[in-house]
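Okay, so here's the structure we're looking at.
Read the figures in this text as sums done on the coordinates, not as results from a lab. Note that the structure is a prediction, hence the values are computed from the model and not measured.
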Amino acid sequence: MTEELTATPSPPAESPPAPGPGRGTRVGASLIATLIVGSLILYFVGDRLTPYTSQARLQAFVVPVAAEVSGKVQKVHVKNNDEVEPGQPLFDIDPDQYEIALQRARSDYESVHHSVNASAAGVEAARAGLQAAGASREMAEKDASRQERLYAEDRGAISVRRLEIAQSTREEARSKERRAEADLRKALEAAGESGDDNAQLRSARAAVQKAELDRARTRVLSPARGTVTDLRVDVGNFAQAGAPVMTLIAIHDLWISADMTENNLGHIDPGDAAAIALDVMPGEVLKGRVR
């Protein structure tokens with residue numbers, strides 16, 4: 001008889017339990033968390049008490065320079081990167097055509113001035129003519145009235161022919177006075193205002209002033225203190241009025257536009273001192289003021 005043996009497997013051995021977190025691990029994690037929180041607090045406090053930004057731009061006023069009259073450039077007095085002061089010559093435009101225009105305007109003014117004087121003389125002559133006509137009319141009226149009175153008192157005292165002549169002379173004198181009044185009105189209208197208030201004279205004087213201004217504008221002067229940049233004109237070029245031919249950077253008034261966070265703004269006020277470091281000037285710290 002054969003015996004069958006059945007093997008019973010033994011239960012697997014239990015693995016040792018995983019070790020729990022030790023004291024050193026917990027202390028390290030707490031220290032890291034404390035450092036992170038402390039760093040954040042220090043950053044926000046420092047960011048508020050000592051505002052700082054690297055997002056800033058240096059800015060200045062830029063002034064385009066253009067001639068106010070057109071013409072060929074005769075001379076250029078500056079070059080790029082020159083520093084100029086207000087009123088310093090920058091370039092000249094050929095003044096010949098503007099000199100001719102000025103002489104023509106002055107000549108026209110003289111002609112108008114003589115014409116106005118002649119018109120004034122015409123007014124005086126017309127006024128004198130009116131006075132003479134008035135005096136003649138008064139004499140004719142007195143004579144006619146006297147002749148009419150004599151004829152009425154005694155028809156034989158004077159002839160009818162003499163009375164008619166006196167009456168005709170009176171009407172003619174009245175007509176001459178009316179014509180003299182019309183001549184005076186016409187002379188006054190032609191002459192306009194007298195003296196410096198005369199419209200023709202004012203117009204001619206304004207033309208002279210405009211020609212003088214254009215002549216002076218052939219020399220272009222610096223409008224402000226600054227540095228010349230973007231010079232693009234030379235002798236012989238044609239400068240168009242209003243077209244910029246160079247640029248002035250106003251170096252006397254520079255400022256920095258800085259982008260600050262909202263947290264920075266709590267301790268920033270106009271007039272506060274500021275320290276400025278520029279990439280183009282390494283190692284130097286400039287002083288400024290908030291405005």
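Mind listing the long-range amide H neighbours of Gln88? Cut-off is under 5 Å, sequence gap 5 or more, other chains count too, H placed in the peptide plane at 1.01 Å from N.
Excluding prolines and chain starts, which carry no amide H, the hits are Ser222.
Considering the convex hull of the alpha carbon atoms of the stretch 143-291, report its projected area averaged over all viewing directions, in nm², one decimal. Walk me through the numbers before you get to the answer.
Working: hull surface 101.6 nm².
With the hull built on Cα positions only, its mean projection is 25.4 nm².
Relative contact order of the stretch 95-217: what whole-number percent is it, with Cα pairs under 8 angstrom and at least 6 residues apart?
Values: 89 pairs, mean separation 57.8, N = 123.
In percent, rounded to a whole number, it is 47.
Which of the aspartates and glutamates could a cross-linker bridge to Lys72, judged by Cα under 12 Å and excluding same-chain residues fewer than eight apart?
Reachable aspartates and glutamates: Asp92, Asp94, Asp96, Asp234.
Kirkwood Rh, Cα Rg: Rg to Rh for the stretch 53-117? Don't jump to the answer; show the numbers that get you there.
Values: Rg = 21.2 Å, Rh = 16.3 Å.
My calculation puts Rg/Rh at 1.30.
Would you mind checking which residues have amide H under 5 Å from Ala241's amide H? H placed 1.01 Å from N; only 5 or more apart, or other chain.
Answer set, sorted by chain and number: Ser70, Gly71.
If you bin the C-alpha pair distances of the stretch 95-217 every 5 Å from 0, what whole percents do you get?
In whole percents, the pair-distance histogram is 2, 11, 13, 11, 10, 8, 8, 7, 6, 6, 5, 4, 3, 3, 2, 1, 1, 0.
For the stretch 219-291, compute Rg over Rh where Rg is the Cα radius of gyration and Rh is the Kirkwood radius from the inverse mean 1/r over Cα pairs.
Details: Rg = 19.1 Å, Rh = 16.3 Å.
Rounded to two decimals, Rg/Rh equals 1.17.
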